[in-house]
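Report on the following structure.
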Amino acid sequence: MGVNLVKRTLPVIITVFMFFAQTLCAQNKSVKNENQLKDVGVSIKFYDRTMYYPGKTDENPIKVHVTITNKGSEPLRFKLAEDRMFSVDFKAFNIKNTLLSSTQSLQKKRKTNQTVYYREISLEPEEEYSFVENLKQYLDITEPSIYYVELEFFPELYRNGDYSIKSNRLSLEVKPSPSASSSTMLNVENENGAILERQEISPDKVVEQTIVARQRTLWDQFFLYLDLEEILKRNASRKRRYDSSSAAERNEMLREFKADLMKNRIDFDIVAIPSSFEIQTTTYDQTKGYVKVEEWFKNDTFTEKKLYTYYVRQRDGIWQIYDYTVTNSSNE
């Protein structure tokens, strides 16, 4: 982790103090350096932002891009540990303002009396130094929720009570794990009882299979490629309630929403049964796209034609429908 990025052409002077490395108990902070660091800017942003879930530190990392800037008029020098855990720390609060715990590995590492190797970085005015860290290596994220994340930078390495600089704050949404949220609602083939699995098929095939499943009242297949959580949040009031709910309450809301869809109580357009349909246009890139479909609905005395646009996005090689729009075309 921690790919170093220098954003200016001026050279960053790096001296590696391998044999003068400090231990955690060492005390040598200089007052002059502390005053100088008042001109330090520390900012964070998400790097390669994607869908985030609890746990799975390596499989589903939360990469944060950290930038240290010299905002002063003089050269700036600070220490940066080879193991970034001795130079930065992350803090996160949930919507109830509860502070997340640090990971056990981080706590153990910082409590152990060990040699900490570092580099001394020198930045000229307005020069920046950046690197990327995995937030999950610092914080124990076990529950889906909305979190508010900030970073502390320790220019003289991490020690309890040492001088630190705080970054801006980010809003982080951690969604329920797909495996966990679907554990009580396994998708099962109606005919042979086999568990359904999503396949790596194209967006148009995803939409086609979803419509055909609805025509045949195969609910498990209908929900297979629907991002039910995002469909639920299309309604503003439902979204507000969902975002402010606990993980257990969210799961219950999803169950109720699914049941209401199956009983045709809400969101009538997505569960309407067309007598026929025709895919008109499919447009997508590596991550997102849309599929336009003409659908016909038979009424007692006429047939109604509507244009559906299904918005899809890819996650782990699987395309899912996360939104849709409907436009009335004509009556026949």
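The values are calculated or read from the model by the stated rules, or taken from the named source; none is laboratory data. Because the structure is predicted, anything quoted here is derived from the model rather than measured. As a convention, Cβ positions derive from the backbone with ideal geometry for all residues, glycine included, and neighbour counts pool all protein chains shown. Just so you know, the surface numbers come from the protein's heavy atoms only, side chains and all, with ligands and any DNA or RNA stripped out. Shrake-Rupley method; radii C 1.70, N 1.55, O 1.52, S 1.80 Å.
Is it the case that Arg119 is surrounded by 18 or more Cβ atoms within 10 Å (Cβ to Cβ) and of a type in the set (Lys, Arg)? Yes. Taken over the stretch 53-102, residues that are open to solvent by 40 Å² or more (accessible area, probe 1.4 Å), in a strand (DSSP E or B) and touching a helix residue (DSSP H, G or I) at 6+ places or on another chain (Cβ under 8 Å) amount to 2.
Only a single item in (1) open to solvent by 10 Å² or more (accessible area, probe 1.4 Å); (2) closer than 30 Å to Ser245 by Cβ; (3) more than 21 Å from the chain's Cα centre (by Cα) is not met by Leu106, and it is number (1). The residues in the stretch 239-271 that are within 30 Å of Phe297 (Cα to Cα), surrounded by fewer than 16 Cβ atoms within 10 Å (Cβ to Cβ), among the charged types (D, E, K, R) and touching a residue at least 12 places away in the same chain (Cβ under 8 Å) can be counted, and the count is 2.
Taken over the stretch 280-308, residues that are touching a strand residue (DSSP E or B) at 6+ places or on another chain (Cβ under 7 Å) and within 14 Å of Gln215 (Cβ to Cβ) amount to 5.
Regarding the stretch 142-150, can at least one residue be identified that is at pLDDT below 90, part of a strand (DSSP E or B) and within 20 Å of Tyr53 (Cβ to Cβ)? So far as the stretch 142-150 goes, yes, one or more of its residues are at pLDDT below 90, part of a strand (DSSP E or B) and within 20 Å of Tyr53 (Cβ to Cβ).
Within the stretch 211-250, the set of residues being polar (S, T, N, Q) and touching a helix residue (DSSP H, G or I) at 6+ places or on another chain (Cβ under 6 Å) comprises Gln221 only.
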